[in-house]
Every structure is written in structure tokens, then in C-alpha cells.
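Asks: Please read through the structure below; I'll follow up with questions.
The values are calculated or read from the model by the stated rules, or taken from the named source; none is laboratory data. Bear in mind the structure is a predicted one, so any value in this text is a computation, not a measurement. When we count neighbours, we look across all protein chains shown, and the Cβ atoms used for this are built from the backbone with ideal geometry, even at glycine.
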């Protein structure tokens with residue numbers, strides 16, 4: 001992006017600056033770098049970092065779904081979903097509950113019929129729960145099943 005060698009750049013915490021050569025003093029912000037890496041190309045910007053505290057181990061979740069499948073039409077629906085989440089003692093119980101609900105709904109959606117599509121510029125078309133490819137009745141069924149499952153946690 002800057003047209004200079006890696007050894008010629010510095011990072012001041014907000015931007016990357018070319019320190020020498022014909023592009024001396026040319027800079028790009030972190031926003032510019034992330035936009036260029038995500039929009040209009042197939043190169044994903046990714047970072048992975050893991051920390052496990054011996055005092056607070058990571059949470060665990062298990063879920064079980066009962067589904068019905070119409071063998072003639074192929075249509076399927078979730079009849080019952082049960083989940084158990086072990087997150088230790090949550091600092092914010094309401095946040096822990098909605099995080100579990102979101103994870104449950106995302107998992108069911110991905111499994112059953114969710115379709116994520118992006119524009120040529122990387123914009124997510126399904127940017128809300130209601131713009132996904134669910135039937136309204138199915139949405140309400142899943143919400144009720146999820147709430148029943150989560151409130152048993």
C-alpha cells in the first residue's frame with residue numbers, strides 16, 4: 001500500500017509511516033489497511049489470540065435439537081432445542097443469557113437454512129435477523145425454543 005520495504009516503515013499506534021525512499025512520509029491508517037484488506041478482494045484480515053486463565057476457565061455449552069423433516073418436501077423444522085451452558089459465575093447474568101441465546105440461534109440458523117451473502121464491496125446483505133431466509137413462523141418457533149432452553153440455564 002505504501003510502496004516501500006517492510007524495513008522502511010514504522011507504526012506509531014495509529015498509522016503506518018514510510019520512513020525512507022521515494023514514498024518518504026507517506027502513511028496509511030489502520031482503518032485504511034483494514035478496509036483495503038476486506039473490501040474488493042479475497043484476502044481476509046484475521047488475527048487470533050487466545051488466553052485461558054487458570055482462575056476462570058473457558059465456558060462450555062452443549063445443545064440437543066429435535067427436528068422434524070417432511071420426507072416428501074424436504075422441509076424441516078426444529079421441534080425442541082435444549083441447551084446447557086457452563087459459564088461459571090457470570091459478572092452480568094443478562095449478558096450471559098443473551099450471548100447464549102445468540103449462539104443458539106446462530107447455530108440453528110447456520111444448520112437449518114441461513115444463507116450469508118456479501119456484495120462485491122464486502123457489505124453483508126443479511127445485516128439483521130429479519131433479512132435472513134427464515135419463515136416468520138419458524139423465527140417465532142426458534143425464539144420461543146431458545147428462550148425456553150436458555151431460561152433453564
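Asks: Give the residue, chosen from 6, 26, 14, that is on the phi < 0 side of the Ramachandran plot, surrounded by fewer than 14 Cβ atoms within 10 Å (Cβ to Cβ) and touching a strand residue (DSSP E or B) at 6+ places or on another chain (Cβ under 7 Å).
Replies: Exactly one residue qualifies, and that residue is 14.
Asks: Just need a number here: residues in segment 36-56 that are modelled with pLDDT of 75 or more and on the phi > 0 side of the Ramachandran plot.
Replies: Selection size over segment 36-56: 0.
Matching residues to (1) over 29 Å from residue 126 (Cβ atoms); (2) at pLDDT 85 or above; (3) part of a loop (DSSP other than H, G, I, E, B); (4) in contact with a helix residue (DSSP H, G or I) (Cβ under 6 Å, 6 or more places away or on another chain):
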site: 7; (1), (2), (3), (4): yes, yes, no, no
site: 34; (1), (2), (3), (4): no, no, no, no
site: 58; (1), (2), (3), (4): no, no, yes, no
site: 95; (1), (2), (3), (4): no, yes, no, no
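Asks: Can residue 14 be described as touching a residue at least 12 places away in the same chain (Cβ under 8 Å) and in contact with a helix residue (DSSP H, G or I) (Cβ under 8 Å, 6 or more places away or on another chain)?
Replies: It is true that residue 14 is touching a residue at least 12 places away in the same chain (Cβ under 8 Å) and in contact with a helix residue (DSSP H, G or I) (Cβ under 8 Å, 6 or more places away or on another chain).
Asks: Same structure, new question: In the list 102, 122, which residue meets the criterion of being closer than 24 Å to residue 61 by Cβ, modelled with pLDDT of 75 or more and loosely packed, with under 15 Cβ neighbours inside 10 Å?
Replies: Going through 102, 122 in turn, the sole match is 102.
Asks: Now, a different point. Quick one: in segment 66-93, which of the residues that are touching a residue at least 24 places away in the same chain (Cβ under 8 Å) and assigned to a loop (DSSP other than H, G, I, E, B) is surrounded by the fewest Cβ atoms within 10 Å (Cβ to Cβ)?
Replies: 88
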